[in-house]
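The values are calculated or read from the model by the stated rules, or taken from the named source; none is laboratory data. All figures in this text were calculated on a predicted structure; none of them were measured in a lab. Don't worry about glycine lacking a Cβ; one is built from the backbone with ideal geometry, like all the others, and counts go over all protein chains shown.
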Amino acid sequence: MNKFHADIIANLLAEAGYENEFIMRVAQAAGKKSLKTNPDTQLLEDVSGLVFLEHYLPNFASRHSEYAESKWIDIMDKIWRKMSPQAHQFVLDRYIKLLDSFAMLIRKTVIK
């Protein structure tokens, strides 16, 4: 799926006349290439994780009330592992709004 989106973005940028170097840079980030070593890719992953945690997680959770706490910790862990230390600190410093139950799950994810 990441390659699909990267290819679409690359094609659109090429049609719009952007330079190949810029197209490759954007496609690499959108394709999630070199996570943890490419600053553009990492920034995109951080933003995705933060937006999910603050804006989409409550609705997702309301549709999956059958999930056990261990499943939620696993979900949080998968998101957390992709994020940078700066994004972790952003969450831990409560710069995003989280329900207390999700903040507790994040703490359990970090501590485990």
Go over the candidates Val47, Val51, Val26 one by one and state the one that is of a type in the set (A, V, I, L, M, F, W, C), closer than 30 Å to Asn11 by Cα and in the same structural domain as Lys3 (by TED's automatic domain parsing).
-> Val26
Per the list (1) outside the structural domain of Asp77 (by TED's automatic domain parsing); (2) under 30 Å from Leu99 (Cβ atoms), residue check on Leu13 breaks on (2)
Restricting attention to the range 12-57, the residues that are more than 10 Å from the chain's Cα centre (by Cα) and under 17 Å from Val91 (Cβ atoms) number exactly 4
Looking only at the range 29-43, count how many residues are part of a helix (DSSP H, G or I) and either crowded, with 17+ Cβ neighbours inside 10 Å or in contact with a Leu (Cβ under 8 Å, 6 or more places away or on another chain) (or both).
-> 4
Would you point out which residue out of Lys71, Lys112, Lys78, Lys3 is touching a helix residue (DSSP H, G or I) at 6+ places or on another chain (Cβ under 8 Å) and either at pLDDT 90 or above or surrounded by fewer than 16 Cβ atoms within 10 Å (Cβ to Cβ) (or both)?
-> Lys112
Note on Arg25: of the conditions (1) in a loop (DSSP other than H, G, I, E, B); (2) closer than 24 Å to Asn2 by Cβ, unmet is (1)
